[in-house]
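Laboratory data are not the source of any read-out in this text; all were calculated from the coordinates shown. What you see is a predicted model; the values in this text were computed from it and never measured. So basically every Cβ, Gly included, is an ideal-geometry build from the backbone, and we count neighbours across all protein chains shown.
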């Protein structure tokens, strides 16, 4: 990890970076302050400079971007294979988690990288026989045999969205045909 203190909104700053040396670029925006305008303006300019550099060099680098205003995500230059635009609140939460437990760095790198594992919702019938009562431990074991990690489920019959994350392994429930399992697994 390298930190480059400079004005990233200047093209000369992004021109000075050797993007071939990085697996990912993180752009953290300035803190919003009264009288300074929209802090995302500078972040958006930085993204445009990075994209121009990528087009010139022919190598695309994933960019994780902090936006102060979530509405600006819609106008941010993005590529479907790599970019992940997040709010300042999420970045703060991630940094807090990492500072409290540095071992989580590898988990977040895996989940946030374009080539890493991702979250999936898959039919419960891939992991258990539906129409029966089964423990979540059985679901987790079935997922593990497939090289996946079951972290929860979505009930088709529960009120609201029916999402349950991190249920106890001993949790026993009736699995319906339309239930889904929440997994961390390789991308499809």
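Things worth noting here:
- For the chain, built as a Gaussian network whose Cα springs stay under 10 Å, the top-fluctuating residue of 141, 16, 106: 16
- Residues residue 90 and residue 146, FRET efficiency given R0 of 22 Å [Cβ-Cβ distance, rounded to 0.05]: 0.15
- Two-site label geometry, residue 130 and residue 41: point separation in nm, points 7 Å out along Cα→Cβ: 5.3
- Comparing 63, 24, 128 in a Gaussian network model of the chain, where Cα atoms under 10 Å apart are tied by springs, the biggest mean-square fluctuation is seen for 128.
- Nearest 10 degrees, 0 to 90: helix 88-100 Cα axis against the chain principal axis: 70
- Relative exposure of 61, 165, judged by other C-beta atoms within 10 Å (fewest first): 165, 61
- Using R0 = 22 Å, the C-beta based FRET efficiency linking residue 106 and residue 22 works out to 0.80.
- Structure-based [θ]222 nm, the chain - -39500 (n - 2.57) summed over DSSP H runs of at least 4, per residue, nearest 500: -9000 deg cm²/dmol
- Across every direction, the projection of the convex hull enclosing the Cα atoms of the chain has a mean area of 13.7 nm².
- Principal-axis tilt of helix 40-57 within the chain, Cα atoms, nearest 10 degrees: 90
- Here the simple spin-label model places points 7 Å from the Cα toward Cβ, and for residue 15 and residue 159 these points are separated by 6.2 nm.
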